[in-house]
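Data first, discussion second: the structure below is written as C-alpha cells.
The values are calculated or read from the model by the stated rules, or taken from the named source; none is laboratory data. Given the structure is predicted, the values throughout are model-derived calculations rather than measurements. Ideal geometry is used to build each Cβ from the backbone, glycine not excepted, and the neighbour counts take in all protein chains shown.
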Amino acid sequence: MDYFLQQLINSLGWGSLNALMAAGYTMTFGIIGLVNFAHGEVMMVGALTAFWVMVFLQLPFWLGCLAALLGSIVVGLLIERIAFKPLRGAGMISLFITSLAASFGIRTLFIMLFTDRVKPFPVPDFLKGVLLLGNLILFKKTILIVLLTLFFCGLVIYFVKYTKTGAAMRAMSYDPEIAGTMGVPTERIIVVVFAMASFLAGLAAIFWGIKFGSVRCSMGVIMVVNAFIASVLGGIGNVSGAIVAGYIIGIGETLFVAYLPDHLVGLRPLFVWIVLFVLLIFKPSGLFRPNIK
Amino acid sequence: MSNESLLQLDTVSSGYGKKTIIREVSLDVPAGKIVTLLGANGVGKTTTLRTITGQIAPFAGRLLFQGRDISGLKPHSIAGLGVGYSPEGRRIFGNLTAYENLLVVANRIKSKKIFRENLQWVYTLFPRLGERSHQLSDTMSGGEQQMLAIGRALVSKPMLLLLDEPSLGLAPMVVKQIAETLVEINQAGVSILLVEQNAKMALQISHYAYVMDNGQVIQHGSCEELLQDKSIADIYLGIR
C-alpha cells in the first residue's frame with residue numbers, strides 16, 4: 001500500500017507536466033483544427049532559453065523562468081505566424097503535415113546547433129529536500145509544481161469558461177466562419193490562444209527542468225505524444241477535460257512503469273498508446289464533451 | 001423609395017471559386033424599413049447575404065453600407081459597423097449555453113453596461129431565451145434555437161439585421177410569433193433584410209420586396225404591387 005501511495009505521489013509532478021501541455025494542445029487543436037506536433041518544440045525552446053540564461057549568463061533562477069516563458073511564447077507565436085497562418089482554412093491534413101515539418105525542423109535545427117546532450121537546469125536550494133509524511137516521502141519541488149499547475153490551470157479554465165474572449169474561443173472551435181460574422185476578431189483570438197498555450201508550455205518547460213534537473217533538445221517528443229492523446233481523451237477543445245486527462249495519463253504512466261518488472265521498463269511509452277487504442281474503440285469522442293462540432 | 005438608404009447593392013456579382021452564383025444584383029434597404037428577398041431554393045438569396053456579411057468577396061459591383069464601400073472587408077469588421085446576421089440553418093454555437101452564445105457578441109461591444117442593456121432587450125423580445133439562458137443551446141428546440149440565432153444577431157443593437165430563412169422548419173405558430181417579433185424589432189429602429197421562401201409571412205410584414213431567380217433580381221416593388229402581378233405571384237411566390 002505504501003508503495004502504491006508513494007508512486008501516486010511521485011506521479012503527480014509528471015501528471016502536472018502532462019496537464020499543462022494537454023491544456024495548451026487542446027486549445028490550439030480546437031480553435032483551428034490543428035494537430036500541433038510543434039507544441040513539444042515550443043516547450044523545448046522555452047527550456048533551452050532558461051538553460052542559456054541561467055548557465056551561460058549566470059543569471060538568477062527567476063530570470064531563467066521568465067526567459068522560459070518568454071522564449072516559449074515568442075516561438076509559439078512565430079510558428080503560428082509563419083507556418084499556420086498562411087494555411088488558414090486549408091484543412092486538417094495540410095495543417096497536420098505543416099506542424100510535423102515545423103516540429104522536425106525546429107528540433108533538428110536545435111540538435112545540429114547544440115547537440116542532444118543533456119543540459120543542466122540549476123534548481124535553487126529552496127526547492128530541494130523532502131517532507132516526510134509517515135512512511136511517505138514528499139518532494140518539495142513536486143508540491144510546488146502541483147500547486148502552481150493547479151493555480152494556472154484554474155486561471156485558464158476560468159478565462160475560457162467565464163470571459164467573453166473565452167466564449168469567443170469556444171465559439172470559434174465550433175464554427176469559426178459564423179463567429180467572424182458575429183463580430184469576433186478571429187485572427188486576434190487565434191493569437192491569444194497561441195500565446196496562452198505557449199505560456200503553459202513554458203511553464204511545463206520550467207517544471208520539467210525542476211523535476212529532472214536537466215533539459216535537452218529532444219524533450220518535446222514524448223511530451224507532445226502524451227499531450228495529443230490527453231487532448232483526445234479529454235474531448236477535443238475541452239480545456240478542463242484535457243487537464244484531467246493529462247493527470248490521468250501522467251499518473252497512469254508512472255504507475256504502469258512502477259508495476260512493470262524491471263527489465264520491461266523500456267515499455268513505458270506503450271501506456272499512452274494503449275490508452276489511445278482503448279479510447280478509440282470504446283469512446284472516440286473522449287471522456288468529456290468535445291468543444292468542436 | 002424616398003428614404004435614405006442604409007444598405008445598397010450596386011450590380012454585385014458573386015459566387016464560389018470561379019463559379020458565379022449571383023449576377024449584377026442591385027438592391028436597396030432604406031433606413032427603418034423591412035425589405036424582403038424572395039425566390040425559390042437555390043436562386044442565390046443566401047449567396048447574396050453571405051456577400052453582404054463578407055463571408056465571400058464580390059467579383060464585381062459595390063456594396064455600400066451607410067454610403068461606405070464595404071466590399072472586401074473582413075466579416076468581423078462588417079459586423080462591427082452595425083450589421084447583425086442570423087444565418088441559414090441557425091448555426092448557433094451548440095457547445096455554448098444560450099447566454100454564452102450572446103456573450104460571444106460582447107467581443108464587439110464597448111462597455112459591459114451596454115451589453116447588459118442589450119441583453120435585457122433581447123430577453124424582453126424573446127422571454128424564452130431568458131428562461132433558458134443557462135441551457136446548452138444544442139439541446140434547445142428548433143424554435144428556441146431560431147430565437148437564439150436572431151437574438152445573437154440583435155444583442156449588438158445593429159442598425160441592419162440580416163435574416164436568412166428564419167421560418168425554415170418551424171411550426172406555423174412559432175413562425176407567426178417570430179414574424180410579430182420582427183415587426184417589434186423594426187419598430188425599435190432596426191432595419192431588416194429578410195430572405196424567405198415563406199413568401200406569405202414575408203410579404204405580410206415587409207415594406208418592399210425583391211424577387212430573385214437564377215442569380216438575378218427579376219422583379220421588385222412594394223408588397224401590394226408584387227401580389228397584384230399575377231405572373232409573379234403564381235410562379236415565384238406560390239400564393240394566390
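Every test in (1) surrounded by fewer than 24 Cβ atoms within 10 Å (Cβ to Cβ); (2) within 30 Å of B:R108 (Cβ to Cβ) is passed by A:F228 save one, and that test is (2). Hey, among the residues in the stretch B:56-67 that are in a loop (DSSP other than H, G, I, E, B) and among the hydrophobic types (A, V, I, L, M, F, W, C), which one's nearest to the other protein chains (Cβ to nearest Cβ)? Among those residues, the one meeting the criterion is B:I56. Identify the residue in the stretch A:237-278 that is within 14 Å of another protein chain (Cβ to nearest Cβ) and either within 19 Å of A:M223 (Cβ to Cβ) or of a type in the set (A, V, I, L, M) (or both) and, among all such residues, is surrounded by the most Cβ atoms within 10 Å (Cβ to Cβ). Filtering the stretch A:237-278 for residues that are within 14 Å of another protein chain (Cβ to nearest Cβ) and either within 19 Å of A:M223 (Cβ to Cβ) or of a type in the set (A, V, I, L, M) (or both), the one surrounded by the most Cβ atoms within 10 Å (Cβ to Cβ) comes out as A:V239.
Residues checked against (1) within 14 Å of chain B (Cβ to nearest Cβ); (2) in a helix (DSSP H, G or I); (3) without any contact (Cβ under 8 Å) to a residue 60 or more places away in the chain:
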position: A:I178; (1), (2), (3): yes, yes, yes
position: A:G183; (1), (2), (3): yes, no, yes
position: A:I189; (1), (2), (3): yes, yes, no
position: A:S198; (1), (2), (3): no, yes, no
position: A:G202; (1), (2), (3): no, yes, no
position: A:F207; (1), (2), (3): no, yes, no
position: A:S218; (1), (2), (3): no, no, no
position: A:V224; (1), (2), (3): no, yes, no
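Applying the condition of being within 14 Å of chain A (Cβ to nearest Cβ) and part of a loop (DSSP other than H, G, I, E, B) to the stretch B:31-55 and asking which residue is surrounded by the fewest Cβ atoms within 10 Å (Cβ to Cβ) yields B:Q55. Checking B:E24, B:E4 one by one, the residue that is within 20 Å of B:G189 (Cβ to Cβ), assigned by TED's automatic domain parsing to the domain that holds B:A188 and over 17 Å from the mean Cα position of the chain (by Cα) is B:E4 and no other. In the stretch B:81-98, of all residues being more than 9 Å from chain A (Cβ to nearest Cβ) and not aliphatic (A, V, I, L, M), the one that is surrounded by the most Cβ atoms within 10 Å (Cβ to Cβ) corresponds to B:S86. Across the stretch A:61-74, a minimum of one residue is classified as modelled with pLDDT of 95 or more, under 29 Å from A:P176 (Cβ atoms) and of a type in the set (S, T, Y). For the stretch A:27-54, taking the residues that are over 16 Å from the mean Cα position of the chain (by Cα) and at pLDDT below 95, the one that is surrounded by the most Cβ atoms within 10 Å (Cβ to Cβ) is identified as A:I31.
Applying a threshold of 9 Å to beta carbon distances and a minimum spacing of six or more residues, or different chains, the list of pairs starting in the stretch B:192-220 at a residue that is under 18 Å from B:A171 (Cβ atoms) and ending at one that is of a type in the set (D, E) and part of a strand (DSSP E or B) reads B:E196/B:D164; B:A202/B:E196.
Each residue in the stretch A:260-282 was checked for being without any contact (Cβ under 8 Å) to a residue 40 or more places away in the chain and not in a helix (DSSP H, G or I), and 3 pass.
Residues checked against (1) more than 13 Å from the chain's Cα centre (by Cα); (2) among the β-branched types (V, I, T):
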site: A:G183; (1), (2): yes, no
site: A:I189; (1), (2): yes, yes
site: A:A205; (1), (2): no, no
site: A:V215; (1), (2): yes, yes
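One residue alone among A:R107, A:R81 is free of Cβ contacts under 8 Å to residues at least 40 places away in the same chain and either part of a helix (DSSP H, G or I) or farther than 30 Å from A:L138 by Cβ (or both), and that residue is A:R81.
Conditions (1) closer than 20 Å to A:T165 by Cβ; (2) assigned by TED's automatic domain parsing to the domain that holds B:S191, marked per residue:
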residue	(1), (2)
B:H76	yes, yes
B:N101	yes, no
B:R108	yes, no
B:L119	yes, no
B:Y123	no, no
B:M147	no, no
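Of the residues examined, B:G189 is one that is in the same structural domain as B:K200 (by TED's automatic domain parsing), closer than 28 Å to B:F65 by Cβ and in contact (Cβ under 8 Å) with a residue 12 or more places away in the chain. If only one of A:F151, A:F139, A:F159 is in contact with a helix residue (DSSP H, G or I) (Cβ under 9 Å, 6 or more places away or on another chain), farther than 30 Å from B:L154 by Cβ and more than 10 Å from chain B (Cβ to nearest Cβ), which one is it? When all the criteria are applied, what remains is A:F139. Residues in the stretch A:55-78 that are over 17 Å from the mean Cα position of the chain (by Cα) and in a helix (DSSP H, G or I): A:V55, A:F56, A:F61, A:W62, A:L63, A:G64, A:L66, A:A67, A:L78.
B:S26 meets the stated requirement of being assigned to a strand (DSSP E or B), touching a Ser or Thr at 6+ places or on another chain (Cβ under 8 Å) and surrounded by fewer than 23 Cβ atoms within 10 Å (Cβ to Cβ). In the stretch A:102-139, which residue that is surrounded by 14 or more Cβ atoms within 10 Å (Cβ to Cβ) and farther than 30 Å from A:E80 by Cβ is farthest from the chain's Cα centre (by Cα)? My answer is A:L136.
Would you mind stating whether B:L182 is over 15 Å from the mean Cα position of the chain (by Cα) and surrounded by 19 or more Cβ atoms within 10 Å (Cβ to Cβ)? Considered against the rule, which asks whether it is over 15 Å from the mean Cα position of the chain (by Cα) and surrounded by 19 or more Cβ atoms within 10 Å (Cβ to Cβ), B:L182 comes out as no.
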